[in-house]
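The values are calculated or read from the model by the stated rules, or taken from the named source; none is laboratory data. Just so it is clear, the structure is predicted and the values come from calculations on it, not from any experiment. Every residue, glycine as well, gets a Cβ built from its backbone with ideal geometry; the counts of neighbours run over all protein chains shown.
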Amino acid sequence: MDADSGTAPEQKTKTDWRQWGARLCIAVVVAWNLAAALTFWLAPGVYAPGFELGGVPGEVAVRGVAVLFLMWNIPYLFALAAPRRNAVSLVEAILMQLIGVAGEYLILAGVAADHGILRGALLRFILFDSTGLGLLAIAFVLTRI
C-alpha cells in the first residue's frame, strides 16, 4: 500500500496524478501566502497605506498580518506533504479560507464607500482568498476521487 494514497502499487500510477494535482493546487496557495507574508514583513510601509494606516503603527499592523499568514500556513503545509493522508489538515485549510472570505465580505460591508483605498485592499484580499478557497476545494476533490 502507498502511504499517502492508501492504494496498492499497481493502482499507484492511476492515482498519482490526482495526488500531484492536489499538491499543485495546495502549493499555489502556500506560495501566495508565503509571498504575502514575506512582502508584508519586508516592506510594511508600502502596504500600510492600503489599510489607511501609516507610520510605525501601520508598519506594526502589516507585520502582524505577515505573522498571521505564516501561522495560517501550518495546516496547508501538512496537506501539501500528503493531501490524502492529511485530509484533516486539508479540510482545516479549506475552513480557514472560507472563514477568511466570509469575514472579509463582512468587513467590507461595514466600510463606507468614501474609503476607496481600504475597500480596494479588502477586495484584493477577497479575490486572493476566494481563489485560494477554489484551489483548495479542487485539491480536496482530487484526493477523494
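Looking at the structure I just gave you, is L80 outside any helix (DSSP H, G or I) and either modelled with pLDDT of 95 or more or aliphatic (A, V, I, L, M) (or both)? Taking the combined requirement at face value, the residue does not satisfy it. When E92, E59 are checked against the criterion of being part of a helix (DSSP H, G or I) and farther than 23 Å from G21 by Cβ, a single residue qualifies: E59. So which of V91, V101, V28 is under 17 Å from the mean Cα position of the chain (by Cα), under 20 Å from I138 (Cβ atoms), surrounded by 14 or more Cβ atoms within 10 Å (Cβ to Cβ) and touching a residue at least 60 places away in the same chain (Cβ under 8 Å)? Unique residue meeting the criteria: V28. A single entry from A113, A137 fulfils the requirement of being within 27 Å of R85 (Cβ to Cβ) and among the hydrophobic types (A, V, I, L, M, F, W, C): A137.
Checked against the criteria, R63 does not count as more than 30 Å from L118 (Cβ to Cβ), over 15 Å from the mean Cα position of the chain (by Cα) and either touching a residue at least 12 places away in the same chain (Cβ under 8 Å) or exposed (fewer than 15 other Cβ atoms within 10 Å of the Cβ) (or both). Give G58, G45 a once-over and let me know the one that is buried (at least 16 other Cβ atoms within 10 Å of the Cβ) and modelled with pLDDT of 90 or more. Going through G58, G45 in turn, just one is buried (at least 16 other Cβ atoms within 10 Å of the Cβ) and modelled with pLDDT of 90 or more: G58.
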